[in-house]
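For reference, the structure discussed in these notes is given below.
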Amino acid sequence: MIYLQHFGLQAAPFSLTADPRFYIDFTPHKEALEVITTALSLGESILKITGEVGTGKTLLCNKVQLELSEQYLICNIDNPYLTAHELRCALADKIGLKKETFEQEFLLTGLIKERLLTLLAQDKKVLVLVDEAQALPDSTLEALRLFSNLETQSQKLLQVVLFAQPELDVRLSETKLRQLRQRITFSYQLRALSESEIEHYISQRLNQAGYRGALLFDRNVCRRISRASRGIPRLINVLCHKVLMLSYGSQHCNITVKLVNEAAADTEDAYPLQKLNYWWAVLFSFVLLNVLLLLWWKGLI
């Protein structure tokens with residue numbers, strides 16, 4: 001990254017890669033992680049974490065994988081367009097079944113159950129993490145539900161965490177998916193960050209990237225980033241990255257509101273701050289004109 005040396009950074013602080021090293025324990029993610037770990041410890045079969053685009057679901061998924069890798073055999077499903085059979089094959093591969101058995105579709109579920117029982121006897125628990133679950137076909141969601149039925153008399157043979165956009169909730173409200181809906185015992189919805197959380201978020205990302213200098217993003221700058229990003233972490237990252245680039249391009253280390261305005265104007269889906277100010281000015285002029293006309297009509301001016 002061209003500005004790393006300029007700001008004394010060891011890594012890119014606002015990369016869009018869902019790197020768990022840059023996980024920050026702010027309230028939405030902390031609560032979601034607590035829901036996941038608590039529900040899994042209770043033996044629940046299917047959990048659901050939803051959030052709007054850019055709220056950090058993939059980062060949370062990667063964090064769960066990192067945190068629980070010693071307790072569980074993790075099966076990470078990151079392709080949301082798998083057919084039901086392709087999902088079975090992916091799971092079979094993750095738990096160590098031989099690939100020559102995959103073509104025997106009508107036998108595969110039984111083979112998976114046998115393998116899960118073997119793993120359980122070895123005290124190995126299996127956890128399936130599904131990212132972008134809102135895009136899974138109905139048949140694949142149904143296959144996941146059926147896997148949640150695999151159990152002994154006392155516990156489930158595998159557990160599932162679905163990470164999805166809110167569209168999944170719309171789909172789950174349909175009658176045809178009511179069985180899956182009833183299987184989801186715990187859920188959590190990620191929210192956007194507050195202004196104070198954004199200040200902490202930016203500061204922590206810079207710190208984790210090795211920054212040790214004076215305060216770069218002051219409260220006014222963070223307030224403007226909060227408005228432009230609507231508290232969405234992905235947009236915060238995009239704006240901060242562009243602001244650092246603009247500052248580097250000017251060969252100074254001053255992060256100003258003006259730079260945030262410029263970055264927002266160049267960012268898709270960011271709140272257009274300069275345009276907002278323009279329309280407020282237009283509205284103010286319109287109201288002022290009407291007040292003056294009213295005073296003139298009444299003979300007061």
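Numbers at a glance
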quantity: Tilt relative to the chain, helix 195-208 - C-alpha long axis, 0 to 90 degrees, to 10; calculated: 70 degrees
quantity: 5 angstrom amide H check on Glu151, placed H, neighbours 5+ away; calculated: Leu157
quantity: 26 Å Cα-Cα threshold exceeded, pairs from Lys48/Lys176; Lys57/Lys242; Lys48/Lys99; Lys63/Lys94; Lys57/Lys258; calculated: Lys48/Lys99; Lys57/Lys258
quantity: Carbon + sulfur, % of accessible area of region 70-141 - ligands and nucleic acids excluded, 1.4 Å; calculated: 49 percent
quantity: Span from the region 84-161 Cα centroid across to the region 172-248 one, whole angstrom; calculated: 33 Å
quantity: Per principal axis, descending, Cα span of region 29-74 in whole Å; calculated: 28, 18, 16
quantity: Net lengthening on full extension, Ser203/Asn254 (0.36 nm per residue, minus Cα-Cα); calculated: 16.8 nm
quantity: Answer label, with volume of the Cα convex hull per residue in Å³ calculated from the coordinates and candidates (i) 149; (ii) 189; (iii) 172; calculated: (ii)
quantity: Phi to ³J(HN,Hα) by Karplus 6.51 cos²θ - 1.76 cosθ + 1.60 over region 241-256, Hz, x for Gly, Pro; calculated: 4, 5, 5, 5, 5, 5, 5, 4, x, 8, 6, 9, 10, 8, 9, 10
quantity: Ordering of 211-219, 81-89 by packing [mean C-beta count within 10 Å, highest first]; calculated: 81-89, 211-219
quantity: Mean separation of Cα contacts under 8 Å (6+ apart) over length of region 130-191, as relative contact order %; calculated: 39 percent
quantity: Whole-Hz couplings from phi, Karplus 6.51/-1.76/1.60, listed for region 160-177; x for Gly and Pro; calculated: 10, 10, 9, 10, 8, 6, x, 4, 5, 5, 5, 5, 5, 6, 6, 4, 5, 10
quantity: Rounded tilt (10° steps) of 273-297 against the dominant C-alpha axis of the chain; calculated: 50 degrees
quantity: The chain: angle of helix 27-41 to the longest principal axis, Cα-based, in degrees nearest 10; calculated: 10 degrees
quantity: Stretch gain in nm, segment Thr27-Thr118, where the contour uses 0.36 nm per residue and the Cα spacing is subtracted; calculated: 28.9 nm
quantity: Sites Ile74 and Val170, calculated FRET efficiency, Cβ-Cβ separation with R0 30 Å, nearest 0.05; calculated: 0.60
quantity: DSSP bridge pairs, the chain: antiparallel proportion in percent, nearest 5; calculated: 5 percent
quantity: Additional length obtainable on full extension of the chain from Thr37 to Glu151, 0.36 nm per residue less Cα span; calculated: 39.1 nm
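The values are calculated or read from the model by the stated rules, or taken from the named source; none is laboratory data. The structure presented is a predicted model; accordingly, all values stated were derived computationally and were not measured. Cβ atoms come from the backbone with ideal geometry, glycine included; neighbour counts cover every protein chain shown. Each accessible area value is taken on the protein alone, full model and side chains, heavy atoms only, with ligands, DNA and RNA left out. Shrake-Rupley method; radii C 1.70, N 1.55, O 1.52, S 1.80 Å.
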